[in-house]
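Every number here is computed from the coordinates shown, using simple stated rules; none is lab data. Predicted model, so just to flag it, every value in this text is computed and none were measured. So basically every Cβ, Gly included, is an ideal-geometry build from the backbone, and we count neighbours across all protein chains shown.
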Amino acid sequence: MTVSRFREEPDPRFWRLNRSVDFDFRLAPHDLAQSRAHAAALNRIGVIVDDELPVLDAALAEINAEIQGGAFEFLPSDEDVHMAIERRLGDLIGPLAGKLHTGRSRNDQVATDMAMAVMDHSGQAVTLITDAMTALLGLARSHRDWAMPGYTHLQRAQPVYLGHHLLAYFWMLSRDVTRFQAAGQAASVLPLGSGALAGVNWEIDRRAVARELGFADITPNSLDATSNRDFVLDYMAAASVCATHLSRLGSELVIWSSTEFGFCRIAEPFTSGSSIMPQKQNPDSAELLRAKAPRVIADLTTLLGVMHALPLTYGKDMQEDKEPFFDSVDTIEASLAMTTGILEGIRFDRDRLLAAAGDEMLAATEIADLLVRRGMPFREAHGIVGDLVRQCVQEGRSLSDLTSEEIRMRSELFDDEYYEVLKQSSWLESKRSEGGTSSASLVRQIEFATERLADLS
Ligand code: ARG
């Protein structure tokens, strides 16, 4: 930084850590947009006169073009993106460039850039999530009556429809949308005009600047404004939960696509081969989804660590918000885009799913409920069916192999309906509660999901 107070050059051992251009150059489009709005605001109060404004605007546009085209040269002496742009502005238009920093500090400037980046990427996350939700809903519609086992503890528990299972992820992602939208709203409060920490000496119309830059409001306290990075944390918290959801989906796809399960095949473009075993087709994409979450969570905890116990207002510590933030952005955006791709190409194996769902033991709860309908308390019924299951396991028989004498020995309340209940489709169709897996409930759920997507577009 060209600060006249200093006579000595910064030590390279300090500069290497202090210089942030390598990662904050990504803020350049926001920084330039912000500068244009700030120049206009300074013009309205006469600090920048009418014939100066177009000169500044044209130079800022030229720098923008240089940056977009990759022609902008960052110098080793540029401390950060803000200083690099200011230096380049000086190259282009001379001393007029120096007027732009009137009534602005890098402290409110960088907070504003970060807020703009969070608004931008929250919106992008919502778009990417909506794509994945669209793919999930399409799959749920086309697989609404495909039976499969539902699991707890990764042990077969009760049968469900595949459409129901897939929509579980739809609703997770729907909540992620809400979280990213909230992060975007939290960022939509303009810090610019707060100066270094105490406000500025100029009657800048902050609300006009906010409108121009797409902020919903302005910050009410300059100390809070320059020290606040909550909106970055909000974005990263949303990204952490979203990445966690994707990791669960990834994990299930790894398991389901194994030869042992054989429930699905991930399309070739999302798998890779082995360098030694020619037969292999590995679900690398799903494995990466599984593994990315801890990285995004680490980004969040890094910034939480930076911010904790930090005295008001700005501290250089806060420059450490950018690398974790952009790492989260890149990771979650790439993961979401890949998720949609995986879902668009996935194929399920109806027979394998059905065979697994046909495991009669999955009907144990249904049998217990049969006794309950005949007046027995559920706990007692649970015990009786547990005895039946143990007998079957010991004797290598299935529940429907048991004779009516054998079942009646356990309870007088049993009759032939016992065998009816063991017929497969009844276990699914009986789950008629709202949000349950029965076809009737699932049709309603698909309607809700369709409405949710319509609200988002
Ligand atoms: N590069 C700095 C950051 O990202 C900009 C703000 C610098 N402010 C200061 N007072 N040194 O935090």
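Counting only Cβ charges, +1 for Lys and Arg and -1 for Asp and Glu, the dipole size of the chain around its Cα centre is about 420 debye. Charge dipole (Cα centre; +1 on Lys/Arg Cβ, -1 on Asp/Glu Cβ; no other charges) of region 201-289 amounts to roughly 180 debye.
Length gained on full extension, residue 405 to residue 73, computed as 0.36 nm times the residue gap minus the Cα-Cα distance: 110.7 nm. For the listed peptides 321-331, 236-246, 435-445, a ranking on the average number of other beta carbons within 10 Å per residue, highest first, reads 236-246, 321-331, 435-445.
Place a point 7 Å from Cα of residue 156 in the direction of its Cβ. Which residues in region 379-400 have their backbone N less than 11 Å from it? Backbone N within reach: 399. Taking every Cα-Cα distance in the chain and sorting them into 20 Å bins from zero, the calculated P(r) comes out as 20, 38, 25, 13, 3, 0 percent.
When peptides 268-274, 8-14 are sorted by average Cβ neighbour count within 10 Å, with the highest value leading, the order is 268-274, 8-14.
Between the listed residues 93, 45, 56, the Cα displaced farthest toward the positive end of the dipole of region 1-112, a dipole computed from Cβ unit charges relative to the Cα centre, is found at 45. Shown here is the pair-distance distribution of region 228-368: with all Cα-Cα distances grouped in 10 Å bins from zero up to the longest one, the shares run 11, 30, 23, 18, 12, 5, 1 percent. Comparing 288, 254, 450 along the charge dipole axis of the chain, the residue lying farthest to the positive side is 254, per the Cβ-charge model.
The Kirkwood hydrodynamic radius of region 231-303, based on inverse pair distances between different Cα atoms, is 13.4 Å.
Between the alpha-carbon centers of region 110-167 and region 292-339, tell me the distance in whole angstrom. Using only Cα atoms, the two centres lie 23 Å from each other. Estimated from helices alone, the mean residue ellipticity of the chain at 222 nm is -20000 deg cm²/dmol (sum of -39500 (n - 2.57) over DSSP H runs with n ≥ 4, per residue). For region 1-69, a Kirkwood hydrodynamic radius built from all Cα pairs, placed in the Stokes-Einstein relation at 4 °C and 1.567 mPa s, yields a translational diffusion coefficient of 90 µm²/s. Find, among the chymotrypsin sites (Phe, Trp or Tyr not before Pro) in region 400-457, those assigned to loop by DSSP (not H, G, I, E, B) with at most 14 other beta-carbon atoms within 10 angstrom. Sparse-neighbourhood loop chymotrypsin sites (Phe, Trp or Tyr not before Pro): none present.
Legend: calculated FRET efficiency, residue 354 to residue 443, from the Cβ-Cβ distance at R0 = 25 Å, rounded to 0.05, equals 0.80. Based on the Kirkwood approach, the hydrodynamic radius assigned to region 160-253 is 15.7 Å, with every pair of different Cα atoms included. Stretching residue 323 away from residue 361 to a fully extended chain increases their span by 8.5 nm, per 0.36 nm per residue minus the current alpha-carbon distance.
Its relative contact order, with pairs defined as Cα atoms under 8 Å and 6+ residues apart, puts the chain at 15 percent. With only the Cα atoms considered, region 303-457 has a convex hull volume of 255 Å³ per residue. Fully extending the segment from residue 224 to residue 312 would add 30.9 nm, taking 0.36 nm per residue of separation and subtracting the current Cα-Cα distance. Annotation: lysines with alpha-carbon distance below 28 angstrom to residue 99 (same-chain offsets under eight excluded): 316, 322.
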